[in-house]
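Let me begin by presenting the structure, written as C-alpha cells, before commenting on it.
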Amino acid sequence: MKVSGFTIVRNGELYAYPFVESILSVLPMCDEMIVNVGRSDDNTLESVRSIGSDKIRIFESEWDMSLQNGRVLSVETNKALEKCSGDWCFYIQGDEVLHEKYYDTVKGEMLAELNNKKTEGLRFRYQHFYGSYDYVQDNYRNWYIKEIRIIKKSEDIVSWGDALDFRHMDGSRLKSKDIKAEIYHYGWVRPPDKLIKKRRDFEKLYNKGEEAEINISGFQNYDDLGNIKVFSGTHPVVMQKRISESKWDFDPKLDLQKPDWLRKILIFLHPLTKRIKGEK
C-alpha cells in the first residue's frame with residue numbers, strides 16, 4: 001500500500017497558517033508528500049523546503065485569484081492530487097493537523113479498506129479550535145462536523161467547490177467510511193491582526209466588488225461566540241512550539257453563554273426553524 005499526502009499553501013506565513021506543522025503531522029503516514037506552493041509574498045516556499053524530507057515534492061503554481069466562489073482552492077488542490085501516485089491520497093489543509101495518537105487507527109483503516117470497492121474515501125470528525133488553543137466550537141449549525149480527507153486514487157475523484165470536500169467528476173458524492181479519528185482545525189486560532197487580514201482577503205475569493213467590500217466592513221475577529229467549550233485534550237506534538245509562543249488574549253465570554261441544556265435544545269430545533277422559515 002502506497003500513500004500520497006498532498007496539500008496547497010500560499011502566503012502561509014503572511015496569514016499565520018500552521019502549514020509546516022500540518023505537513024509534518026501527516027508525513028509519517030505518507031510515502032510521498034506533494035505540496036503546491038502558490039506564488040507568495042512571504043517565505044512560504046523556503047519554509048516548506050526547510051522541512052528537509054526527501055518525501056516532499058514541491059511544485060510552484062500561479063494561482064488564479066479571479067476565480068469565483070473560492071474555486072481557486074479546488075483548482076489548485078486538484079493540481080496537487082494529479083501528481084499523487086499512491087493507492088490512497090491523504091489531503092491536509094494548511095490549517096489542519098492530525099494528532100499522532102490517530103496514526104495507528106488511520107493506517108489500520110487504509111489497510112482494511114484498500115480493496116473494498118464500496119469505500120472510496122475515509123471521513124474524519126473535526127475539532128474546531130476558536131480564538132485560542134484552549135477552546136473549541138460546540139455548534140454543528142455553523143461548523144462542519146465531518147469531512148473526507150483520505151481518498152482512493154481515481155481519475156473520477158476530484159476536489160470540489162472551495163476544496164472542502166471531494167466528489168466524483170459529475171458532482172455525485174463519494175462512498176465514504178467514518179473513522180474514529182479527528183482532524184484538528186486551527187483556522188480561527190492565530191494572532192488577531194493576522195486573522196482579520198486573512199478573513200478580509202479571503203472574502204474576495206468568494207465575492208467581488210461592492211458586495212465584498214460591504215461584507216468586509218462588518219467583519220470582526222470573533223463573531224461566533226456562544227457555543228464555546230474548554231478543550232480538555234492534548235494538542236499534537238508538532239503544534240507544541242507554536243502554542244507555547246502564542247501571546248494574544250482571547251475572551252470566550254463563557255459567562256454569557258446559555259446553559260448547556262438550553263443550547264442543546266436550540267441546536268436540535270434549528271433544522272425545524274430553518275424549514276419553517278423556508279431557508280435552504
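What follows draws every value from the coordinates through simple rules; no lab data is involved. What you see is a predicted model, and the numbers here were worked out from it, not measured in a lab. Positions of Cβ are backbone-derived with ideal geometry, glycine not excepted, and every protein chain shown enters the neighbour counts.
State the label only: which of [x] 16.0; [y] 14.6; [z] 19.2 corresponds to mean projected area of the Cα convex hull in nm² computed from the shown model?
Structure-derived value, by its label: [x].
Evaluated at 4 °C with a viscosity of 1.567 mPa s, what Stokes-Einstein diffusion coefficient in µm²/s does the range 19-120 have when Rh comes from the Kirkwood expression over alpha-carbon pairs? Before the final figure, lay out each step's value.
Values: Rh = 15.1 Å.
Value of D from the Cα-based Kirkwood radius: 86 µm²/s.
So, in Å, what gap is there between the alpha-carbon centers of the range 199-241 and the range 129-186?
Between the Cα centres of the range 199-241 and the range 129-186 lies a distance of 17 Å.
Name all residues of the range 115-139 having a backbone nitrogen under 14 Å from the label point set 7 Å from the Cα of residue 175 along its Cα→Cβ direction, giving them as ranges.
Once the point is set 7 Å along Cα→Cβ of residue 175, 115-122 turn out to lie under 14 Å by backbone N, inside the range 115-139.
Taking 0.36 nm per residue of separation and subtracting the Cα-Cα distance, what length does fully extending residue 219 through residue 197 add? Walk me through the numbers before you get to the answer.
On the way: separation 22, 0.36 × 22 = 7.92 nm, distance 1.01 nm.
Once the chain is fully extended between residue 219 and residue 197, it gains 6.9 nm.
Could you pull out every one of the lysines with an alpha carbon less than 24 Å from that of residue 2, ignoring same-chain neighbours closer than 8 positions?
Once the sequence-local lysines are set aside, what remains near residue 2 is 55, 79, 83, 101, 107, 117, 118, 152, 153, 175, 177, 180.
Averaging the inverse of every distinct alpha carbon separation and then flipping it gives the Kirkwood radius. What is it for the range 130-280, in angstrom units?
Numbers: mean 1/r = 0.0536 Å⁻¹.
Kirkwood radius, the range 130-280: 18.6 Å.
Just flag the chymotrypsin sites (Phe, Trp or Tyr not before Pro) in the range 215-272 sitting in loop per DSSP whose Cβ has no more than 16 other Cβ atoms within 10 Å. Mind dumping the intermediate values first?
Details: sites: 219, 222, 231, 248, 250, 261, 268; in loops: 219, 222, 231, 248, 250.
Hits after loop and neighbour filter: 219, 222, 231, 248.
Under a 10 Å cutoff between Cα atoms, tell me which one of 87, 255, 64 has the largest fluctuation in the Gaussian network model of the chain.
Among 87, 255, 64, the largest GNM mean-square fluctuation belongs to 255.
How charged is the neighbourhood of residue 264? Take every other residue with its Cβ under 14 Å from the Cβ of residue 264, and add Lys/Arg as +1 and Asp/Glu as -1. Provide the component values of the computation, followed by the final result.
Working: positive: 141, 229, 258, 263; negative: 138, 260.
Net charge around residue 264: +2.
With a cut-off of 8 Å between alpha carbons and a minimum separation of six or more residues, what is the relative contact order of the chain in percent?
Contact order relative to length: 21 percent.
Between residue 34 and residues 5 or more places away or on another chain, which pairs have amide H atoms under 5 Å apart, with H built 1.01 Å from N, and which residues are they?
5, 6, 7, 57
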